[in-house]
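Please treat every number below as a calculation from the coordinates, not as lab data. No experiment lies behind these values; they were computed from the predicted model shown. Counting neighbours? That spans all protein chains shown, and the Cβs are built from the backbone with ideal geometry, glycine included.
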Amino acid sequence: MFTCKQISKVLSNEDYQKLSPFRRFWLKLHVKFCVFCGKYNRQVIESQDMCRCYKDSEEQLATTRPRMDELQKDQLKALLSSHSSKVEESK
C-alpha cells in the first residue's frame, strides 16, 4: 500500500493512466478510501481525465475549426497592442 505522500507525488508527476495496471489499482484504492488525501487526489485524477478528454477532442476538432487569414491576424495583433499600450498609459 502507498502512503499519502507517495500517491500525491505520483499524481503530480505523471498521468495515472500511464501507470501499470497494478500501480493504478493500488493508487485508486488508496484514493477511494483515504480520509486524509482522498478528496484532493480524486480532484487531481478528475482534472487529469478532463485534460485528456479535452486534448482528444481538440485533435479531432482541429480540422473543422475556422482559420483566420493573415490580414485578420495582423488586424487583431494591432488592436491588442494598441489596447495594451492604452492600459499601460493609464497606470
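Scanning segment 3-33 for residues that are crowded, with 16+ Cβ neighbours inside 10 Å and part of a loop (DSSP other than H, G, I, E, B) turns up just one, Leu19. The numbered conditions (1) within 30 Å of Gln6 (Cα to Cα); (2) outside any helix (DSSP H, G or I); (3) free of Cβ contacts under 8 Å to residues at least 24 places away in the same chain are all true for Phe36 except (3).
Residues that are under 30 Å from Val10 (Cβ atoms) and polar (S, T, N, Q): does segment 67-88 have at least one? No, segment 67-88 contains no residue that is under 30 Å from Val10 (Cβ atoms) and polar (S, T, N, Q).
Note on segment 58-80: residues that are in a helix (DSSP H, G or I) and surrounded by fewer than 10 Cβ atoms within 10 Å (Cβ to Cβ) amount to 5.
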